[in-house]
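**Student:** Take a look at this one; I'll ask things after.
Every read-out reported here was derived from the displayed coordinates using simple, explicitly stated rules and does not represent laboratory data. Everything numeric here is computed off the predicted structure, so don't read it as measured data. Here the Cβ is made from the backbone with ideal geometry for all residues, glycine too, and neighbour counts use every protein chain on show.
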Amino acid sequence: MNASKTYIITGLAVAVSLTPSAHAISGCTNAWLNGQFGMQISGSSAPAVAGSVGGIPVPTRMASDAASSGPASRAPVVGIARLNLDGDGNLSGYSAISLNGVWLQGNVSGSYAVNQDCSATFTITDASGNAEHFGGTIVGQGDSALMMQTDAGTGVSGTLKRVRGFCQTSDVFGSFGLQYSGSVLAQADGGYSSVGIASLDGQGNITTAESRYSAGSYSQMSSAGTVVINSDCTASITLASNGASPTSMNFLALVSFDQKQLVFIQSDAGTATNGSLIAQ
C-alpha cells in the first residue's frame, strides 16, 4: 500500500471515530427529578369520558352535558401546575386548568418513577381522589420533561420545567419576547394569537407591543398592565389592550428556575389560551 492510500484510510478512520453516535441516554433515577417544577399542558379532552384532566376532576354537570352531545364530544383545555418532586418518587402541589372555558383548581399529590432509560411515569391524585396517569421523557439533564396524560378521554400533553423555590416581583425585569395563542369559546371566530415584546420594570408593571391575529384579521396594538409574582414563584399577569377583543386579559404564570422565562395560561372564563414570556 502506498503512502497516499495510507493517509486516505487513516483519515477515514479518524472521521468515523469523531462521528457522534446515536444512542439513548441511560442511568436516570428518581433523584434526577428533585425540587420545584412547573407543568404546562394543553389539548382537547372528552369530558364525558375523562374523569380528571391535568390534576383536576371533571365537574359532574360538565360530564353530563358532554355525554348528551355524545361521548366523543371534545372540549379545549389548558392547564398549569406547580409540583414539588422529592427525589424519592413522591410529589405534591396544586393545579389549575381551563376546561371548556371553566376555570378549575385544586391540590394534588402522587408519585413518580424514573426509569434507567430516562422515561418516566407519573401518578397524580386530585382533590377528589381520582388517580391520573402520565408518561414522560426526561430532557435537559433533569431540568425538564415532556409529558402526556394517558387516561382515556384526556388528550393533553406538555412540559415539566424546573422553577424557583422562592420569588418576588423584583426578580423578573427587562425585555421579553411574548407569545400566546388560544380562543374565546363563545365567539364563532374566537381564535387569536399574538407575538410581541414585553417590558417588565421589576416593580409590578408590564407593557407590550404586539402583532395579533384575532377574529380573522391582523392588527398591531399595545397593552399595559401589572405583574404580581408570589413567593412560591406563581404569578398573576393582567393586560389591557387598546384595540381588538379581548381588551382585558388575565393570566396565571410560573417563573422558571433561571428567572428568564414565564409560562402561563389565561384564567378568564370562556377562554382557552396559553403562552410564554422569554427573556431577550
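**Student:** When the C-alpha atoms of segment 162-223 are aligned to their principal axes, what extent does each axis show, in angstrom, from largest down?
**Tutor:** 41, 23, 17
**Student:** Still on this structure: Mean residue ellipticity at 222 nm from the helices of the chain, using -39,500 (n - 2.57) per DSSP H segment of n ≥ 4 over the full residue count, to the nearest 500 deg cm²/dmol? Before the final figure, lay out the partial values.
**Tutor:** On the way: 2 runs with 25 residues, N = 280.
Rounded to the nearest 500, it is -3000 deg cm²/dmol.
**Student:** Can you pull the three principal axis extents for the Cα set of the chain, in Å, largest first?
**Tutor:** So the three principal-axis extents are 79, 44, 38 Å.
**Student:** At 0.36 nm per residue, and after removing the present C-alpha to C-alpha distance, how many nm does the segment from THR247 to THR226 gain when stretched out fully?
**Tutor:** On the way: separation 21, 0.36 × 21 = 7.56 nm, distance 1.44 nm.
So the extension gain works out to 6.1 nm.
**Student:** What percent does the relative contact order of segment 23-150 come to when contacts are Cα pairs within less than 8 Å and at least six residues apart?
**Tutor:** Details: 302 pairs, mean separation 32.1, N = 128.
Relative contact order here is 25 percent.
**Student:** Regarding segment 86-148, what whole-number volume in Å³ per residue does the convex hull of its Cα atoms give? Please report the intermediate quantities before stating the final value.
**Tutor:** Numbers: hull volume 6.1 nm³, N = 63.
Residue-normalised Cα hull volume stands at 97 Å³.
**Student:** For the chain, what does the relative contact order come out to in percent, with C-alpha contacts under 8 Å and a separation of six or more?
**Tutor:** 16
**Student:** Round to a whole angstrom and tell me the spacing of the C-alpha centers of segment 183-204 and segment 121-139.
**Tutor:** 29
**Student:** Now, a different point. Take LEU91, LEU277 and order them by how many other Cβ atoms sit within 10 Å, fewest up front. Walk me through the intermediate numbers first.
**Tutor:** On the way: LEU91 20, LEU277 27.
Ascending number of Cβ neighbours within 10 Å: LEU91, LEU277.
**Student:** Another question, if that's okay. Let me test this: with uniform point scatterers at the alpha carbons of segment 169-279, what is the Debye-based log₁₀ I(q)/I(0) at q = 0.10, 0.12, 0.20, 0.24 1/Å?
**Tutor:** Those come out to -0.25, -0.37, -1.01, -1.43, one per q.
**Student:** Give me the Å³ per residue figure for the convex hull around the C-alpha atoms of segment 69-222.
**Tutor:** Details: hull volume 24.5 nm³, N = 154.
Convex hull of Cα atoms, per residue: 159 Å³.
**Student:** THR60 label point, 7 Å along Cα→Cβ, cut-off 19 Å on backbone N: hits in segment 107-140?
**Tutor:** 126-131
**Student:** In segment 30-162, with Lys and Arg counted as +1 and Asp and Glu as -1 at Cβ, which of these residues, ILE124, ALA72, ASN84, has the Cα nearest the positive end of the dipole, that is, farthest along it?
**Tutor:** Going by the Cα projections, it comes out as ALA72.
**Student:** Further, regarding this structure: Could I have the simple spin-label model distance between ALA188 and ALA72, label points 7 Å from Cα toward Cβ, reported in nm to one decimal?
**Tutor:** Placing both labels 7 Å along Cα→Cβ, they lie 2.5 nm apart.
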